[in-house]
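Asker: Got a structure for you, written out below as structure tokens; questions coming shortly.
The values are calculated or read from the model by the stated rules, or taken from the named source; none is laboratory data. Keep in mind it's a predicted model, so treat the numbers as computed, not measured. Positions of Cβ are generated from backbone atoms using ideal geometry, with glycine treated the same way; all protein chains shown enter the neighbour counts. Areas reflect the complete protein model, heavy atoms only, side chains present, ligands, DNA and RNA absent. Shrake-Rupley method; radii C 1.70, N 1.55, O 1.52, S 1.80 Å.
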Amino acid sequence: MASPPPIDFDKIRENSDGSLGSMIKSGFTEVISNNPYFAAGGGLMVLGTGLALARQGIVKSSGFIYRQLLVDLEIPSKDKSYLWFLEWMSQYKHRTSRHLSVETNFVQHDNGSVSTRFSLVPGPGKHLIKYKGAYMLVNRERSGKLLDMTSGTPFETVTLTTLYSDRKLFSDLLGEAKQLALKAREGKTVLYTSWGPEWRPFGQPRKKRMIGSVILDKSIAEGIISDVKDFLDSGEWYHKRGIPYRRGYLLYGPPGSGKTSFIQALAGELDYNICILNLSESNLTDDRLNHLMNHIPERSILLLEDIDAAFNKRAQTEDKGYTSGVTFSGLLNALDGVASAEECITFMTTNHPEKLDPALMRPGRVDYKVLVDNATEYQVRQMFLRFYENENELCEVFMNKYRHLQLTKVSTAQLQGLFVYNKSNPQSAIDMIETLQNPNTVF
Ligand SMILES: Nc1ncnc2c1ncn2[C@@H]1O[C@H](COP(=O)(O)OP(=O)(O)OP(=O)(O)O)[C@@H](O)[C@H]1O
Ligand SMILES: [Mg+2]
């Protein structure tokens with residue numbers, strides 16, 4: 001390796017005014033300018049600083065350009081439009097994504113049968129799409145740390161980025177996605193169930209149940225339907241008088257008499273969805289109940305099943321030593337506290353009306369109560385003719401035998417079981433009528 005040139009002290013003396021300070025300064029300059037290592041290092045330093053500055057400049061200006069030219073839309077997984085968007089993406093023809101994830105759904109067909117459908121939705125990562133001539137970058141991100149405590153799944157966000165000038169396409173796109181989702185629900189009823197503190201659709205929207213397919217005793221159905229319709233037409237009346245716009249219905253009676261089925265059919269008739277909550281669920285607490293009842297999706301009927309469960313609280317804690325379940329006061333508070341701007345229709349069902357506390361029956365909590373009992377002769381006849389159309393003569397034979405056996409405690413669910421088993425053979429249903437004497441017969 002070549003050694004650096006010797007320091008020329010005479011030259012230093014020449015360039016200085018003779019003082020020590022001046023000599024040191026001039027010596028330093030001499031060393032720096034003549035030493036090739038220092039010279040090369042300095043050059044590199046200048047170059048490095050220049051490059052770093054340039055890089056910073058590019059980052060800053062690209063950030064500036066990004067802010068000026070591009071626009072982001074963030075859709076968190078908690079937002080309703082999140083699922084709409086993913087569904088839209090899965091149907092979008094021009095998608096160029098190569099990373100898909102599968103979502104399995106069950107679809108109910110018009111004939112009632114259910115089949116499985118796999119939707120290929122864009123997986124986590126970046127996808128480029130072209131929508132109405134504009135490019136959009138879709139970034140589906142999964143939070144590594146945050147878990148949605150309600151579902152145990154990671155929080156996700158989808159971020160759409162496009163040119164600022166194309167920002168209005170975002171609302172077009174979300175509108176299209178919403179329409180697509182609503183079209184899938186047309187003529188269907190969405191069943192919501194509780195999922196932690198929130199309501200989530202339970203399976204795919206179901207085909208509406210025709211109200212005529214639930215056969216209640218004479219005028220029971222008509223009475224409820226006209227009361228609900230009258231209530232829905234009276235919004236202004238309630239608001240003018242400052243009365244909370246809600247109405248509570250209680251259907252009580254033995255198992256299998258059609259309480260739940262009727263409420264589901266009613267929701268279809270009114271074009272409402274249904275939020276079902278079973279109070280005997282062990283992990284339901286007063287707080288969750290209250291929260292759920294105050295966050296009901298729009299146009300939904302709230303259905304509280306087995307409300308007598310709230311009256312067993314003491315027995316539950318003493319016997320099993322846990323404090324899950326809803327208390328009676330929790331239920332009353334939740335019913336009173338429903339403070340929604342929109343109408344609120346609550347249906348409650350129970351098999352044990354005798355267990356209910358009178359405080360529940362006060363108007364404002366239960367405004368309309370009705371017994372939905374075991375089948376009357378009128379219902380038996382109607383059910384028979386619904387299953388075996390125009391078989392009037394056989395219907396009379398069936399009814400005579402029914403009376404002869406003095407069957408009084410037969411539920412409509414039992415009748416349905418017998419008729420479904422003998423789908424295309426009314427005579428065989430007549431022959432098997434004795435099975436109705438045992439409510440636990442399994443065909
Ligand atoms: N009145 C009815 N008309 C037509 N079908 C009925 C009727 N009652 C019961 N069913 C049929 O029986 C089955 C059970 O009915 P549903 O669940 O509505 O009874 P429920 O009164 O809610 O019983 P539970 O008190 O046990 O909840 C359903 O498949 C339904 O179609
Ligand atoms: Mg029921």
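Asker: Using a 1.4 Å probe, how large is the accessible area of His239, given in Å² and rounded to the nearest 10?
Answerer: 110 Å²
Asker: Using DSSP to define loop residues, name the GluC sites (Glu not before Pro) in region 354-406 whose beta-carbon has at most 14 other beta-carbon atoms within 10 Å.
Answerer: Numbers: sites: Glu354, Glu377, Glu389, Glu391, Glu393, Glu396; in loops: Glu389, Glu391.
The qualifying sites are Glu389.
Asker: While we're on this one: Put a dot 7 Å past each Cα toward the Cβ at Asp79 and Thr159; how far apart are the dots in nm?
Answerer: Spacing of the two 7 Å Cα→Cβ label points: 1.3 nm.
Asker: OK, next. Order the peptides 54-61, 345-352 from the highest to the lowest mean number of other Cβ atoms within 10 Å of their residues.
Answerer: 345-352, 54-61
Asker: Give me the percent relative contact order of region 206-371, please, defined on Cα pairs under 8 angstrom at least 6 residues apart.
Answerer: Value for region 206-371: 33 percent.
Asker: I need the semi-axes of the equivalent ellipsoid of region 206-371: take the C-alpha gyration tensor, multiply each eigenvalue by 5, square-root it, list largest first in whole angstrom. If you can, show how the numbers build up before the last one.
Answerer: On the way: eigenvalues 130, 77, 43 Å².
The answer is 25, 20, 15 Å, longest axis first.
Asker: Quick check: at a probe of 1.4 Å, how many percent of the accessible area of region 183-286 sits on carbon and sulfur atoms?
Answerer: Ligands and nucleic acids excluded, carbon and sulfur reach 51 percent.
Asker: Which entries in the list Lys188/Lys259; Lys78/Lys130; Lys183/Lys423; Lys80/Lys132 go over 31 Å, if you measure between the two C-alpha atoms of each?
Answerer: With Cα atoms farther than 31 Å apart: Lys183/Lys423.
Asker: Which FRET efficiency, nearest 0.05, do Asn440 and Leu232 yield, Cβ-Cβ r, R0 60 Å?
Answerer: 0.90
Asker: Just to confirm, what accessible area per residue do you get for region 377-437 at 1.4 Å probe, in whole Å²? Numbers along the way, then the final one.
Answerer: Numbers: 3500 Å² over 61 residues.
Here the residues of region 377-437 average 57 Å² of exposed surface.
Asker: Once R0 is set to 35 Å, what does the formula 1/(1 + (r/R0)^6) return for the Cβ-Cβ distance between Leu69 and Leu44, expressed as a FRET efficiency to the nearest 0.05?
Answerer: Calculated value: 0.45.
Asker: Taking 1 over the mean of 1/r across every pair of different Cα atoms in region 319-443, what Kirkwood radius in Å do you get?
Answerer: Kirkwood radius, region 319-443: 18.0 Å.
Asker: Quick check on region 377-437: what does the Kirkwood estimate of hydrodynamic radius come out to from the alpha carbon pairs, in Å?
Answerer: The Cα-based Kirkwood calculation yields 11.2 Å.
Asker: Can you list the HN-Hα couplings for region 203-220, worked out from phi with the Karplus curve (6.51, -1.76, 1.60; θ = phi - 60°), rounded to whole Hz and with x for Gly and Pro?
Answerer: x, 7, x, 9, 4, 4, 8, 5, 4, x, 7, 9, 9, 9, 5, 2, 6, 5
Asker: On to the next question. Given a 1.4 Å probe and the protein chains all in place, what does the accessible area of Tyr135 round to, in Å² to the nearest 10?
Answerer: 130 Å²
Asker: In whole percent, and with a 1.4 Å probe on the protein chains, what portion of the accessible area of region 333-420 is carbon and sulfur?
Answerer: Details: 2190 of 4520 Å².
It is 48 percent, rounded to a whole number.
Asker: Determine how large the accessible area of Glu269 is when every protein chain is in place; take a 1.4 Å probe and give Å² rounded to the nearest 10.
Answerer: 80 Å²
Asker: Can I ask one more? Where Rh denotes the Kirkwood radius from the mean inverse Cα pair distance, what is Rg over Rh for region 346-414?
Answerer: Answer for region 346-414: 1.16.
Asker: Residues of region 206-371: accessible area per residue at 1.4 Å, in Å²?
Answerer: I get 47 Å² per residue for this part.
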